[in-house]
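Below is one structure; the comments refer to it alone.
The values are calculated or read from the model by the stated rules, or taken from the named source; none is laboratory data. Keep in mind that what you see is a predicted model, and the values were worked out from it rather than measured. In this analysis, Cβ positions are derived from the backbone assuming ideal geometry, glycine residues included, and neighbour counts consider all displayed protein chains. Accessible surface is based on the protein model in full, side chains and every heavy atom, while ligands, DNA and RNA are left aside. Shrake-Rupley method; radii C 1.70, N 1.55, O 1.52, S 1.80 Å.
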Amino acid sequence: MAANDRLEGNDGIPQDQRLPPVRNSNIFRLALVFMIMVITTFLCVEGWRAWRDYEHAYAAAKDSATNLARATAQHAEDAIRQVDILTDALAERVEGDGLENMNVPRIHALMVQQSKIMPQLHGLFIYDAKGRWVVTDKDITPETANNADRDYFMYHREHSDRHVRIGEVVQSRSTGELIIPISRRLDNPDGSFAGVLLGTIKVSYFVDYYGDFKIDDRGALVLAMRNGTILVRRPFMAAVVGQSLSESEIFKRYLPASSEGVAEVKAVVDGTHRLYAYRALNSYPLVVEAGLSKESFVGPWRHDLLKSGLILLVLVASLAGFGFIVLSQLRRRMEIEAELRLAHVAVRDMALTDSLTGLGNRRRLDIALAAEIARARRQRYSLALIMLDIDYFKRFNDRYGHTAGDECLRVVARAIATSLKRPADLACRYGGEEFLVILPDTDAEGAAQVAADILSAIRELKLEHLDNPSGIVTASAGVASCVPTTSQTTAVGMIKAADAYLYAAKHAGRNQWRGEAAKPIKATAFQQT
């Protein structure tokens, strides 16, 4: 469609004769969109800031947990290495002299000296091949003491490896304390089993060390064997010592992939969600875990988020309230203008609508037909016009009265309007019992079909008309069509052509249509004379 074609509406009324569009609806939408954009921007900025703060809090907690794990791992490795070195030196001396030739007082004095130097030591012990106490750092050695039933003793008796072995926590038979056994095998000169050299580390040594760290109340520090058996844990609970962490996420998923790292998991011991840093010792089959409860770093962040959220809520509420007032005023203005517009439309429709039939009146016909001719000329399509006349309508009025005649006109007008299928088609009352139908972009054959449909619809009404040879109300129609190419084609010329075909239909006996499709007519009939 050309740009000029937008100057007319579907009813054929030129734009300069139509009511101006309401522009406030666009202003209302723009104002609403602006308010939403401002609020959304505030929310996005605050959301981004909150997420950034959370990432910072998470990163700080991750660094703290990693440092804790590194410190506890180093502490555990140093403590065990000292005992490892000491027992290795003692084992070399004892095996060199032989257990039967060992200078017990001298070894005892050495053990006592080392126990005083090393605060982690609970005790040093040498057992013979049958588990009997040969020498210790203790002042008194029980005569009936025997450790052959201990796990570490049975292990060394059955295995010939010379490496130091770290055992599970046991209770000391001499002091009743919980201790971690660090043991190694003693051999005779021929390589046979001679006994066990044992150094024990106090569990309380690690508990005291872990207690010095400033972590949250629900945090945890764990020293465990590589198989997951707990040796020491903060907070310390004796019942937890010896439990296994083998089914925990860290031991099942993370440790097999990496000897150190950070993971956010749920603890198997107490069910607390923590951010754990874990680290496997380099020299010994031990693992340390340093866990900070998620609440310890999420809680402060959530508190700040709540404060910021309240401030943002007040700001958004104030902005929304101001926007509501502005939009309410704008909406009220739009409603008033809409009411005025509806009133103008109603007045205009009254001016362009036939009050009896509800179809367009003569004024609307004149405006629409002129506009459609101009449009058809620009776009070079065919324009058709149908003129209808109710047969013997004067006789109908004479027999049934003018009231019935008016009702007949209304019913026939509805039948005509119902027969039109396209929004662009327009039916108008031309005057009296005559009607005109404008069919844009319709050739002679198409217009003939519409005329036939209208006449059929009128017949199907079966309105009684005893003065009509058919016994019912019928109508005749004239169909004119052309492709306007010059200014010579006018509304008056087309109406005269349609009227001429209508006269031909009546002359042929009424209750029928006539037009180009049935009988040619000179083209000059469309020109104004």
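Flag set for Arg218, criterion: part of a loop (DSSP other than H, G, I, E, B), of a type outside the set (A, V, I, L, M) and under 25 Å from His56 (Cβ atoms).
Can you name every residue in segment 164-198 that is part of a strand (DSSP E or B) and under 17 Å from Leu99 (Cβ atoms)?
Restricting attention to segment 164-198, the residues satisfying the condition of being part of a strand (DSSP E or B) are 165-166, 170-171, 178-187, 193-198.
Passing the criteria: Ser183, Arg184, Arg185, Leu186, Asp187, Phe193, Ala194, Gly195, Val196, Leu197, Leu198.
Of all residues in segment 294-304, those satisfying the criterion of being of a type outside the set (Phe, Trp, Tyr) and surrounded by 17 or more Cβ atoms within 10 Å (Cβ to Cβ) are Lys294, Ser296, Val298.
Would you check which residues across segment 429-446 are in a strand (DSSP E or B) and either under 55 Å from the mean Cα position of the chain (by Cα) or among the acidic types (Asp, Glu) (or both) and list them?
Glu434, Val437, Ile438, Leu439, Pro440 - these are the residues of segment 429-446 that are in a strand (DSSP E or B) and either under 55 Å from the mean Cα position of the chain (by Cα) or among the acidic types (Asp, Glu) (or both).
Among the residues examined, Val170 does not qualify as touching a residue at least 60 places away in the same chain (Cβ under 8 Å) and open to solvent by 10 Å² or more (accessible area, probe 1.4 Å).
Could you check, for segment 248-271, whether at least one of its residues is outside any helix (DSSP H, G or I), over 30 Å from Ile80 (Cβ atoms), without any contact (Cβ under 8 Å) to a residue 60 or more places away in the chain and of a type outside the set (Lys, Arg)?
In the first step, residues of segment 248-271 are kept if they are outside any helix (DSSP H, G or I); the result is 248, 255-271.
Still in the list and also over 30 Å from Ile80 (Cβ atoms): 271.
Narrowing the set further to residues that are without any contact (Cβ under 8 Å) to a residue 60 or more places away in the chain leaves 271.
Those left that are additionally of a type outside the set (Lys, Arg): 271.
Yes, that holds for at least one residue.
For segment 507-529, filtered to residues that are open to solvent by 30 Å² or more (accessible area, probe 1.4 Å) and closer than 20 Å to Cys428 by Cβ, the residue that is modelled with the highest pLDDT is Trp513. The residue list Val164, Val104, Val112, Val169 contains one member that is more than 30 Å from Phe236 (Cα to Cα) and not aromatic (Phe, Trp, Tyr), which is Val104. In segment 154-167, the residues that are closer than 24 Å to Leu223 by Cα reach residues that are of a type in the set (S, T, N, Q) and in a helix (DSSP H, G or I) with C-beta atoms within less than 7 angstrom, at least six apart or across chains, in these pairs: Val164/Thr87.
Each row is one residue, and each column tells you yes or no for (1) in contact with an Asp or Glu (Cβ under 6 Å, 6 or more places away or on another chain); (2) touching a residue at least 40 places away in the same chain (Cβ under 8 Å); (3) of a type in the set (Gly, Ala, Ser).
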{"residue": "Ala451", "(1), (2), (3)": "no, yes, yes"}
{"residue": "Leu461", "(1), (2), (3)": "no, yes, no"}
{"residue": "Asp467", "(1), (2), (3)": "no, yes, no"}
{"residue": "Gly471", "(1), (2), (3)": "no, no, yes"}
{"residue": "Ala500", "(1), (2), (3)": "no, no, yes"}
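Scanning for something modelled with pLDDT of 90 or more, open to solvent by 40 Å² or more (accessible area, probe 1.4 Å) and not polar (S, T, N, Q), does segment 339-350 turn up at least one residue? No, because not a single residue in segment 339-350 is modelled with pLDDT of 90 or more, open to solvent by 40 Å² or more (accessible area, probe 1.4 Å) and not polar (S, T, N, Q).
Scan segment 244-255 and give yes if some residue there is crowded, with 19+ Cβ neighbours inside 10 Å, closer than 15 Å to Ala69 by Cα and under 33 Å from the mean Cα position of the chain (by Cα), otherwise no. Yes, segment 244-255 contains at least one residue that is crowded, with 19+ Cβ neighbours inside 10 Å, closer than 15 Å to Ala69 by Cα and under 33 Å from the mean Cα position of the chain (by Cα).
Condition check: of a type in the set (A, V, I, L, M), within 60 Å of the chain's Cα centre (by Cα), open to solvent by 20 Å² or more (accessible area, probe 1.4 Å) and under 20 Å from Leu369 (Cβ atoms). Does Val483 satisfy that?
The answer is yes for Val483.
So, in segment 447-500, exactly how many residues are among the hydrophobic types (A, V, I, L, M, F, W, C), over 12 Å from Met387 (Cβ atoms) and assigned to a helix (DSSP H, G or I)? So that I can check it myself, show each step before the final result.
Filtering segment 447-500 for residues among the hydrophobic types (A, V, I, L, M, F, W, C) gives 447-448, 450-452, 454-455, 457-458, 461, 463, 466, 472-473, 475, 477, 479-480, 482-483, 491-492, 494-495, 497-498, 500.
Those still in the list that are over 12 Å from Met387 (Cβ atoms) too: 448, 450, 452, 455, 457-458, 461, 463, 466, 472-473, 482-483, 491-492.
Narrowing further to those that are assigned to a helix (DSSP H, G or I): 448, 450, 452, 455, 457-458, 491-492.
Number of matching residues: 8.
Which one is nearest to the chain's Cα centre (by Cα), of the residues in segment 329-360 that are of a type in the set (A, V, I, L, M, F, W, C) and not in a helix (DSSP H, G or I)? Selected residue: Leu359. For segment 256-293, the set of residues classified as within 30 Å of the chain's Cα centre (by Cα), open to solvent by 60 Å² or more (accessible area, probe 1.4 Å) and closer than 17 Å to Ala69 by Cβ consists of Glu264 only. Just a yes or no: is a residue in segment 59-71 touching a residue at least 40 places away in the same chain (Cβ under 8 Å), in a helix (DSSP H, G or I), surrounded by fewer than 15 Cβ atoms within 10 Å (Cβ to Cβ) and within 32 Å of the chain's Cα centre (by Cα)? The answer is yes, given that some residue of segment 59-71 is touching a residue at least 40 places away in the same chain (Cβ under 8 Å), in a helix (DSSP H, G or I), surrounded by fewer than 15 Cβ atoms within 10 Å (Cβ to Cβ) and within 32 Å of the chain's Cα centre (by Cα).
Please determine whether any residue of segment 294-305 is touching an Asp or Glu at 6+ places or on another chain (Cβ under 6 Å), in a strand (DSSP E or B) and either under 30 Å from Asn361 (Cβ atoms) or modelled with pLDDT of 80 or more (or both). No, segment 294-305 has no match at all. Filtered by the rule that a residue be under 15 Å from Val196 (Cβ atoms), under 60 Å from the mean Cα position of the chain (by Cα) and open to solvent by less than 30 Å² (accessible area, probe 1.4 Å), segment 103-156 gives a lone residue, Tyr152. If you filter segment 195-206 down to residues that are open to solvent by 10 Å² or more (accessible area, probe 1.4 Å) and in contact (Cβ under 8 Å) with a residue 40 or more places away in the chain, you find that the one that is nearest to the chain's Cα centre (by Cα) is Tyr205.
Residues in segment 374-414 that are among the aliphatic types (A, V, I, L, M) and either part of a loop (DSSP other than H, G, I, E, B) or open to solvent by 10 Å² or more (accessible area, probe 1.4 Å) (or both): how many?
So the first thing to find is which residues in segment 374-414 are among the aliphatic types (A, V, I, L, M), and the list is 374, 376, 383-388, 390, 404, 409, 411-413.
Checking the rest, the ones that are also either part of a loop (DSSP other than H, G, I, E, B) or open to solvent by 10 Å² or more (accessible area, probe 1.4 Å) (or both) come to 374, 404, 411.
Number of matching residues: 3.
Which of the residues that make up segment 89-102 are of a type in the set (A, V, I, L, M) and open to solvent by 30 Å² or more (accessible area, probe 1.4 Å)? Steps first, answer last, please.
Of the residues in segment 89-102, the ones of a type in the set (A, V, I, L, M) are 89-91, 94, 99, 102.
Those that are of a type in the set (A, V, I, L, M) and open to solvent by 30 Å² or more (accessible area, probe 1.4 Å): Ala89, Leu99.
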